[in-house]
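The values are calculated or read from the model by the stated rules, or taken from the named source; none is laboratory data. None of the values given here were measured: they were computed from a predicted structure. Glycine gets a Cβ as well: all are built from the backbone with ideal geometry, and neighbour counts include every protein chain shown.
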Amino acid sequence: MPKCYICQRDITNENASEEHIFLNAIGGRLKSRDLICRQCNDVFGSGIDSALAAQLNYLANMFNIRHDRGGRPQPMVVYSKKLNREMICLPGGVYQFKDPEVDIINSNDVPKGTINARSRRELRVILKGLKRKYPNFSPDIDSMVDNALAVHYDLGEVSTPISGGGDEVLRCVCKTAVNFLLMKDRNMESYVAHLFHYIRNGEGDKCVAFYYPEEDIFAPLDNEVLHAILVKGSKADRLLYAYVQFFNAYKYAVILNADYNGNDFKECYSFDVIARKEVKKEVVFFTAAGELISLLDRTSPPMTEITSAIVKVMAMAIDKQSCNYPN
């Protein structure tokens, strides 16, 4: 009987839970019911998983990622410089006002003015409210809704805040690596057991850092946006580590064990979020153990590399919204 590697409870039919290796909220499909019990999964779901999902929501939104059970990403707030106002971006790149605009003056107990609603349904609700507020106002609401003008605005350049890192996010990245390792070989648990407290409550030494190697480890094609992971153990280097990437853009090294004495080990996986399928890659990656460990000494994220990767993947998202890729 499998045990939850976090709390060591037996995993039974009553407390089993699907644990996504890459979060379902960002399109992950790979999952296991033998890793984490429902209680621990619930704690992570409202904690570190939620933090990573929130940080990557703008990319999930732009690519209109679908969840296993049909859910969609959360709408996000963006800022239009041209209109000088905040807007809401719905999944797939559909923009609307953050709030409806009702500019009404009272003229002889009959309202006059303009209404900017985000949908005909919302316009109907507003008109019914005005009818209740102004007794002398007796419009043909159906006719007004049917004849309302659809206005398209030129938003110009839009922006949304992005961030990289944070304690909860890095702990979730570590959990992603540990989940994948233990899904592939549960006998590796003793080599990463020291990380369980870090994943659960942040206790322990730093083990996750941004990592942007000169060559793309998974070498995505021009039309591929990948979630990907490589876990590698080197007996000669005495190092067990993982490389984790989200949306081609956020890339991390995870030092799973800096004094590894097990056998050589290698497992990898990549998933194309556009085509929504696993993609087999031949991954050949060699780097000095000292180079990876030295990444943990960085005091700030490499924003130049992060920004460059985000700009590239956002251009792909905009192309997808223009129907250059299949839904």
Report summary line: Of all helices (runs of 4 or more DSSP H) fully inside the range 103-220, the set with 3 or more residues that are charged (D, E, K, R) and assigned by TED's automatic domain parsing to the domain that holds residue 89 is 120-133
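So that you can scan it fast, the table gives a plain yes or no per residue for (1) crowded, with 19+ Cβ neighbours inside 10 Å; (2) β-branched (Val, Ile, Thr):
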residue: 57; (1), (2): yes, no
residue: 60; (1), (2): yes, no
residue: 67; (1), (2): no, no
residue: 72; (1), (2): no, no
residue: 79; (1), (2): no, no
residue: 88; (1), (2): no, yes
residue: 93; (1), (2): no, no
residue: 97; (1), (2): no, no
residue: 102; (1), (2): no, yes
**Report entry** Qualifying residue in the range 263-274 (condition: more than 30 Å from residue 193 (Cβ to Cβ) and modelled with pLDDT under 95)
**Finding:** yes
Query raised in the report: Does the range 106-115 hold any residues that are exposed (fewer than 15 other Cβ atoms within 10 Å of the Cβ) and either closer than 24 Å to residue 153 by Cβ or not aliphatic (A, V, I, L, M) (or both), and which are they?
Result: 106, 107, 108, 109, 112, 113, 114
Query raised in the report: Got at least one residue in the range 195-210 being farther than 19 Å from residue 169 by Cα, touching a helix residue (DSSP H, G or I) at 6+ places or on another chain (Cβ under 7 Å) and touching a residue at least 12 places away in the same chain (Cβ under 8 Å)?
Result: no
Query - Candidates 232, 280, 251, filtered to the one that is of a type in the set (D, E, K, R) and either touching a residue at least 60 places away in the same chain (Cβ under 8 Å) or surrounded by fewer than 17 Cβ atoms within 10 Å (Cβ to Cβ) (or both) - result: 280
Query - Selected residue [without any contact (Cβ under 8 Å) to a residue 12 or more places away in the chain and under 19 Å from residue 180 (Cα atoms)] from 27, 45 - result: 45
